[in-house]
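This report concerns only the one structure given below.
The values are calculated or read from the model by the stated rules, or taken from the named source; none is laboratory data. All of these numbers come straight from a predicted model, not from anything done at the bench. Cβ atoms come from the backbone with ideal geometry, glycine included; neighbour counts cover every protein chain shown.
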Amino acid sequence: MGQEVGRILQSSTTQFTAGCRILLRDIPSFGSFVKVNAQDGSRIYGLIYNVAIQDDPMVRQLIVSPELADEYMKDQRENRQVPVELSVLVVGYERDGVIRQELPPQPPVTLSPVETCDDEEIREFARTGFDFIRTILNAPNIPAEEVLVVALRRAAQTQGSAGRQFLLEAGRELAKLLSQDMVRLEAILRKLRVL
């Protein structure tokens with residue numbers, strides 16, 4: 001079972017934004033797999049493509065003080081909840097026990113809890129194929145190559161001894177999808193270290 005990291009602020013069938021007030025040390029990482037339930041009973045899977053720390057009134061007060069003591073900075077970073085916004089690209093959904101790497105019929109509704117995916121959920125999602133790669137590559141206004149590399153590495157980690165084979169198969173899929181863009185393909189493969 002995953003850890004709740006926030007709640008939906010706004011959503012569409014292609015992406016959603018979650019707001020959370022959590023300690024800085026608990027912020028989910030860029031490229032993390034997350035899940036949220038939709039009204040129709042399906043579970044939507046996504047990848048975090050941006051983590052933004054929002055405006056914090058306490059920080060504004062600290063910034064204008066003439067001297068900023070180390071204990072204030074430590075307290076702010078370790079003990080206070082910080083407003084964080086997560087931007088998530090939808091890469092698939094599960095309904096009736098079947099995972100599909102395609103857009104869901106409905107987006108999640110506001111205030112629905114967003115949770116991290118555990119290793120088993122990531123492993124099962126990755127075993128259904130590589131259709132999510134096309135979704136990431138074609139998503140506008142996100143750092144697609146970086147999200148893809150982090151997501152593929154994370155999925156490979158959940159595959160155990162088959163992790164290297166998983167990355168090789170992902171590389172083959174990338175070669176098909178990016179056969180007309182060798183520069184982009186090579187950049188991604190270098191980052192994955194499969195060249």
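Counting just the residues of region 1-23 that are part of a loop (DSSP other than H, G, I, E, B) and among the β-branched types (Val, Ile, Thr), which one comes out nearest to Gly46 (Cα to Cα)?
For region 1-23, the residue satisfying everything is Thr14.
Pairs please, first residue from region 127-148 and of a type in the set (Ser, Thr, Tyr) and surrounded by fewer than 18 Cβ atoms within 10 Å (Cβ to Cβ), second anywhere and part of a loop (DSSP other than H, G, I, E, B) and modelled with pLDDT of 95 or more, Cβ atoms under 7 Å, 6+ apart in sequence or on different chains.
Thr128/Gln101
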